[in-house]
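Coordinate-derived values only; no laboratory data. In this text the structure is predicted, and so the values were computed from the model without any measurement. Every residue, glycine among them, receives a Cβ derived from its backbone with ideal geometry; neighbour counts consider all protein chains shown.
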Amino acid sequence: MIAHFSQIATVFLMVAGLYVVIARGNLIKKLIGLSLFQTSVYLLYILPGKVLGGTAPILDAGYSVYANPLPHVLILTAIVVGIATLALGLTLVVRIKEAYGTIEEDEIFAKDGPRAKVDPKVSKASVSPLNKTGRGGKSA
Amino acid sequence: MIETAVTIILLLLLGAVTIGIVRVRGLFAAVVLLGIYSLLMATLFIVLDAVDVAMTEAAVGAGVSTVFFLGALSLTDTVEASAKRPQIMPVVVALVTAGALLWGLSDLPEFGSPNQPIHSQGADYLARSIPETGIANVVSAVLASYRSFDTLGETTVVFTAGIGILALLRRRRGEGKS
């Protein structure tokens, strides 16, 4: 049990992030949940690279046991990609706030849901709130 | 065994912060808690001997992403609407996923053991790094030499995300802050 405690705790962090993404209607809260999930995946990758009694993978004559460097490299790449996708997601939230005046999922669905149900072919219905605020179309 | 003890304490702290993030309704509080979460995670990475990852996580996870979140909050709302009804579906989905993950993890080798397959299989970068590249920091050697196409792909993703952000924000008059 204690040997697998770290992995069980990682699963708890992961599932908490997943729960926030699904259960909460606020778009920024969803992105916070996504960050939780993402960071716990980093932990899942880093955990098996560790050797108890070892040291960081920087070679030196005084040490012989090192952590495995490959997961570290993969997660370095993942962190940078994660911040890029997070920034894009937050930008989308800011645009949605400008267009709909809210970042709550329910209210956004309430604003363009009924029209979409009446005629799904009219795909422009979901764009029209943009024009209402005078910010759609060409840039100033 | 001090390493195991510190790992467990940090994981318990991470669990407590996570419960706080799930329960809190103010978005500002949630963002600050997320910064604490990232900082604790960076500390845990140091204990797990992933020093390069720890530095990146502290700078990017606790620093830049908190700034992005705060910037987004200043352009939107800081208060989350209260839940209208208790939802059962998300709990079920989360529990089923947790069960599947725990089932999958039950076969994994013990934490911190030197006999894990990850240390005996695959390319032995620890032995190859000095003779082939002359770099003592093996993470840098793998990142920049052996797997530099990964880094090229990563740069492409960041570039694409940057173009996307510019395209979305260019429609706004006024400042181009994200």
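Could you list, in sequence order, the residues of the stretch B:60-71 that are of a type in the set (Ser, Thr, Tyr) and facing chain A (nearest Cβ under 8 Å)?
B:SER65
Which members of the stretch A:32-69 meet the condition of being touching a Leu at 6+ places or on another chain (Cβ under 6 Å) and in a loop (DSSP other than H, G, I, E, B)?
A:LYS50, the sole residue that qualifies.
I'd like to check something: does the stretch B:126-139 contain any residue that is surrounded by 14 or more Cβ atoms within 10 Å (Cβ to Cβ), facing chain A (nearest Cβ under 8 Å) and either among the β-branched types (Val, Ile, Thr) or within 30 Å of A:ARG24 (Cα to Cα) (or both)?
Yes: the stretch B:126-139 contains one or more residues that are surrounded by 14 or more Cβ atoms within 10 Å (Cβ to Cβ), facing chain A (nearest Cβ under 8 Å) and either among the β-branched types (Val, Ile, Thr) or within 30 Å of A:ARG24 (Cα to Cα) (or both).
Which residues, counting only those in the stretch B:111-136, are within 22 Å of the chain's Cα centre (by Cα) and on the phi < 0 side of the Ramachandran plot?
B:PHE111, B:ILE118
How about the stretch B:72-112: which of its residues are in contact with a strand residue (DSSP E or B) (Cβ under 8 Å, 6 or more places away or on another chain), more than 7 Å from chain A (Cβ to nearest Cβ) and part of a loop (DSSP other than H, G, I, E, B)?
The answer is B:THR78, and nothing else.
Condition check ((1) at the interface with chain B (Cβ under 7 Å from one of its Cβ atoms); (2) in contact with an Asp or Glu (Cβ under 6 Å, 6 or more places away or on another chain)) across all residues:
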| residue | (1), (2) |
| --- | --- |
| A:ALA3 | yes, yes |
| A:VAL11 | yes, no |
| A:GLY33 | no, no |
| A:GLY49 | yes, no |
| A:TYR66 | yes, no |
| A:PRO69 | yes, no |
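Report the residue count in the stretch A:30-53 for those that are of a type outside the set (Val, Ile, Thr) and within 10 Å of the chain's Cα centre (by Cα).
Final tally of qualifying residues: 8.
Here are B:VAL64, B:VAL22: which of them is over 23 Å from A:ILE8 (Cα atoms) and either outside any helix (DSSP H, G or I) or free of Cβ contacts under 8 Å to residues at least 24 places away in the same chain (or both)?
B:VAL64
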